[in-house]
Every structure is written in C-alpha cells, then in structure tokens.
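Below: the structure, in structure tokens.
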Amino acid sequence: MNIKLHASALAAVLFVAGCSGYQPAPPAFHQATTKPYVLDAGDSVRITVFEQEALTNTYAVDQSGYISFPLVGAVAARGHTVQQIEGELATKLRNGYLRDPDVSVQVDRYRPIFVMGEVGAAGQYSYVPGLTVQKAVALAGGYSPRANQTNVDVTRSINGKVLTGRVTTSDPLLPGDTIYVRERLF
C-alpha cells in the first residue's frame, strides 16, 4: 500500500513539474498575426522608383533598423509597414530630388525563423507567408521520437517586447519567430 502511495505522489509531482512552465499565449500574441506586417532587421525590401532605374533595387534592413537609400540616406524601417516606407521615401525624394516620385516597396525576403528542440534538424529556416508551426517542424526534419506533438512554445517580438506562449501546431508563424518543440513526459 505504501508503494502505491509513493507512486501516486511521484506521478503528481511530475505532472505539476511538467505544467509549471506552461504559459498560454497572451492575446497580443495572436493579434500580431492579423495586423499589417512591420519590418525589422534581417528583412530585405524591393524598392521600385518608377522611371528611375538607378534607384530601383533590393535593400536590406540593417541591424539598427534602417535602409540605406541613395540620395536620401538612412530611412527608418524597423516597426514600419511597407506602405509607411513608400510614403517616407516619396516625401524625402520630393524634397529636392524628384518632382513627383512614384515609389513602390515590397518585401523581398523575410527574416528567418528558428526551430529548436525535439526535431530532426534544428536550425534557421526561411520564412514564407502562410507558414504554420506544423510546416516549420516539417522543414526542420519532422518531430523526433521523443517530441510533444500537441503544442509548442513560440517566442515572438511584439512592439519591442519578447513574448513566449504555448500554441497549437496549426497556429500561424511570423518572421523572426523561434519555435521550441518540447520533449513529451511519457
């Protein structure tokens, strides 16, 4: 009888220990997937200035969050949408460089995602629109035999704050997310 009591106590302790790290995803976590995309370091954009072939090119957002653009210099990109960058560039080009600039900005390459934990090949992977946790795990070689396949922990930067939350495998990802696949308990 005493052995059953100890086994029950051990099972309860393991269950509580396994749940102690649980963090449900905060509301802002899911809301970020429905808002317009904002640029950050590691992204690159294709900027087209119509009838100005010398200015049309692909530009990287540097670690400081800026794009270095000919004629106008550094343009803040971190935390801005592509539409905001279009307006900013048009305004700067209008001030002494071009009469009526027509500027188009598109994301050329998104910053990568990172997949860690119980997967076949943990590492850095290219982000593509529509990427879900399940697809990211597939890119990383699938689950290891010890993986918890129900949900994962995702770390995401939202408005300058780094948040971690537990999500299901069907949840969408954003560029720059870090996915951690935990080991299952049993």
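The values are calculated or read from the model by the stated rules, or taken from the named source; none is laboratory data. Treat the numbers as computed from the prediction; the structure is a model and nothing was measured. Every residue, glycine as well, gets a Cβ built from its backbone with ideal geometry; the counts of neighbours run over all protein chains shown.
Numerical summary
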| item | result |
| --- | --- |
| Top-ranked residue of region 46-62 - restricted to ones that are outside any strand (DSSP E or B) and in contact with a Phe, Trp or Tyr (Cβ under 9 Å, 6 or more places away or on another chain), ranked as surrounded by the fewest Cβ atoms within 10 Å (Cβ to Cβ) | Thr56 |
| Test: residue in region 64-75 that is surrounded by 14 or more Cβ atoms within 10 Å (Cβ to Cβ), under 21 Å from Ser157 (Cα atoms) and touching a Phe, Trp or Tyr at 6+ places or on another chain (Cβ under 6 Å) | yes |
| Test: residue in region 79-86 that is under 27 Å from Gly130 (Cα atoms), within 19 Å of the chain's Cα centre (by Cα) and at pLDDT below 95 | yes |
| Any strands (runs of 3 or more DSSP E) falling wholly within region 94-158 and containing at least 1 residues that are farther than 24 Å from Asp62 by Cα and either free of Cβ contacts under 8 Å to residues at least 40 places away in the same chain or under 16 Å from the mean Cα position of the chain (by Cα) (or both) | 113-117, 151-158 |
| Boolean, Ser170 is assigned to a loop (DSSP other than H, G, I, E, B), of a type in the set (S, T, N, Q) and in contact with a helix residue (DSSP H, G or I) (Cβ under 8 Å, 6 or more places away or on another chain) | yes |
| Condition broken by Val72, with the remaining ones in (1) of a type in the set (Val, Ile, Thr); (2) closer than 19 Å to Val38 by Cα; (3) more than 21 Å from the chain's Cα centre (by Cα) satisfied | (2) |
| Test: residue in region 87-99 that is crowded, with 18+ Cβ neighbours inside 10 Å and under 29 Å from Gln134 (Cβ atoms) | no |
